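Notes follow once the structure below has been shown.
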Amino acid sequence: MAISEPGAGADPRRMSTRANWDGRNWVLNGRKIWISKAAEAEFTIAMAVASRDGANGGITAFLVDKGTPGFNILRRIPMIGGQFTYEIAFEDCKLPPEAVLGGEGQGFAPMQKRLSVRRLQMGSWCVGIAQRALDILIEHASQRTTFGSLLAQRQTIQWWAADAATKIHATRLMVYDAARKVDQGREARAELSMIKVYASEMATEVIDKAMQTLGAMGMTKEIPLYLMAEKIRWIRVGEPSGLTWLLACICTTQEARGCHLP
Ligand SMILES: Cc1cc2nc3c(=O)[nH]c(=O)nc-3n(C[C@H](O)[C@H](O)[C@H](O)COP(=O)(O)OP(=O)(O)OC[C@H]3O[C@@H](n4cnc5c(N)ncnc54)[C@H](O)[C@@H]3O)c2cc1C
């Protein structure tokens, strides 16, 4: 989904990509940035300010097939976490009327709805990742002895684990609560936004405590804490691409244990 632009990110109403009606087709012009999978996807949902008469219309969603003339990939941008995004340009990109997804000028509400569901996913990912980080913390603290005692017997470490477990539980309940409201068709925008902030900051903190508990082992690339830290960092800003990186976390754990997944 291509929403973000060089001049419009968190505030998409500032977008300047335009779709003008030439009597037969919509003609898109503008630039988008940070677009995940833009070069690989079979189609992109592009958001543009559409107008039939040159006036300022509303935001409209367009389905743009891969390879459509005027849909140009400008560059591939490496992001932290092994992810790539793209900068793209619409240059006199002609689209037929049936490329409009939903109603003309009605693209903003479904886009917000989609981003709301995404926030539920983000919350769930953060709960899962934080739980895995806590498991790693507890496993290590239960085995590592320093100055005559297991780390697990130190009150600092116990507090870290207890705080992490409490916050993971709280986040899980936040996600269930918002998911129930969404399922029931109730308003939950505030709760969903709280989840994005709280869940990602919670997971950041838990991963950090796990890294600290593991000492140098927590700084290696042999266990997935570094992957989790990178991924969570960009969940706090952008749109995660989902299962592929979760799978990468699992693969790294398995490989560190000597199991090589296909
Ligand atoms: C890995 C990744 C993948 C992405 N994939 C896509 C994609 O597929 N499609 C797409 O359209 N976009 C994508 N994005 C872009 C993402 O949606 C934007 O980065 C996000 O909306 C923020 O916009 P921005 O980067 O321009 O930051 P800005 O809008 O410039 O904001 C900068 C910072 O200020 C904060 N901020 C903004 N307004 C306020 C305020 N009122 N008060 C306090 N703080 C504020 C923001 O939260 C942010 O931290 C992706 C981003 C990343 C990192």
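Does Ile73 satisfy the criteria of being part of a strand (DSSP E or B) and within 12 Å of the ligand (Cβ to nearest atom)? Here the answer is no, as Ile73 does not meet what is asked. Can you name the residue in segment 219-248 that is away from the ligand (no atom under 16 Å from the Cβ) and assigned to a helix (DSSP H, G or I) and, of all such residues, is modelled with the lowest pLDDT? If we take residues in segment 219-248 being away from the ligand (no atom under 16 Å from the Cβ) and assigned to a helix (DSSP H, G or I), then Leu247 is modelled with the lowest pLDDT.
Only one of the numbered conditions (1) within 15 Å of the ligand (Cβ to nearest atom); (2) surrounded by 15 or more Cβ atoms within 10 Å (Cβ to Cβ); (3) more than 13 Å from Ala89 (Cα to Cα) is violated by Met47, and that is (3). Might you check whether a residue that is charged (D, E, K, R) and over 27 Å from the mean Cα position of the chain (by Cα) occurs anywhere in segment 21-42? Scanning segment 21-42, I find at least one residue that is charged (D, E, K, R) and over 27 Å from the mean Cα position of the chain (by Cα), so the answer is yes.
Take segment 2-34 and flag every residue that is in contact with a helix residue (DSSP H, G or I) (Cβ under 7 Å, 6 or more places away or on another chain) and near the ligand (Cβ under 8 Å from one of its atoms). Once the filter is applied, which keeps residues that are in contact with a helix residue (DSSP H, G or I) (Cβ under 7 Å, 6 or more places away or on another chain) and near the ligand (Cβ under 8 Å from one of its atoms), segment 2-34 yields Ile3, Ala8.
Taking segment 17-59 as the search range and keeping residues that are at pLDDT below 95 and of a type in the set (Ser, Thr, Tyr), which one is farthest from Gln83 (Cα to Cα)? Per the stated criteria, the residue is Ser51.
Give just the number: which of (1) modelled with pLDDT of 95 or more; (2) within 14 Å of the chain's Cα centre (by Cα) does Ala216 not satisfy? Evaluating Ala216 over (1) modelled with pLDDT of 95 or more; (2) within 14 Å of the chain's Cα centre (by Cα) leaves (2) as the failure. Taking (1) in contact (Cβ under 8 Å) with a residue 12 or more places away in the chain; (2) within 15 Å of the ligand (Cβ to nearest atom) in turn, Pro78 satisfies each apart from (1).
Pairs linking a residue in segment 3-28 that is in the same structural domain as Leu95 (by TED's automatic domain parsing) and without any contact (Cβ under 8 Å) to a residue 40 or more places away in the chain to a residue that is away from the ligand (no atom under 11 Å from the Cβ) and among the charged types (D, E, K, R), with Cβ atoms under 7 Å and 6 or more positions apart or on different chains, are Trp21/Arg52.
Any chance segment 148-156 includes a residue that's surrounded by 18 or more Cβ atoms within 10 Å (Cβ to Cβ) and closer than 24 Å to Ala229 by Cβ? There is at least one residue in segment 148-156 that is surrounded by 18 or more Cβ atoms within 10 Å (Cβ to Cβ) and closer than 24 Å to Ala229 by Cβ. For the structure I just gave you, tell me whether Asp92 is acidic (Asp, Glu) and within 26 Å of the chain's Cα centre (by Cα). So Asp92 fails the test. For segment 153-172, does any single residue satisfy the condition of being closer than 30 Å to Ile45 by Cβ and in a helix (DSSP H, G or I)? Yes, segment 153-172 has at least one match. Scanning segment 92-124 for residues that are farther than 30 Å from Asp65 by Cβ and buried (at least 23 other Cβ atoms within 10 Å of the Cβ) yields a total of 1.
The values are calculated or read from the model by the stated rules, or taken from the named source; none is laboratory data. No experiment lies behind these values; they were computed from the predicted model shown. Positions of Cβ are generated from backbone atoms using ideal geometry, with glycine treated the same way; all protein chains shown enter the neighbour counts.
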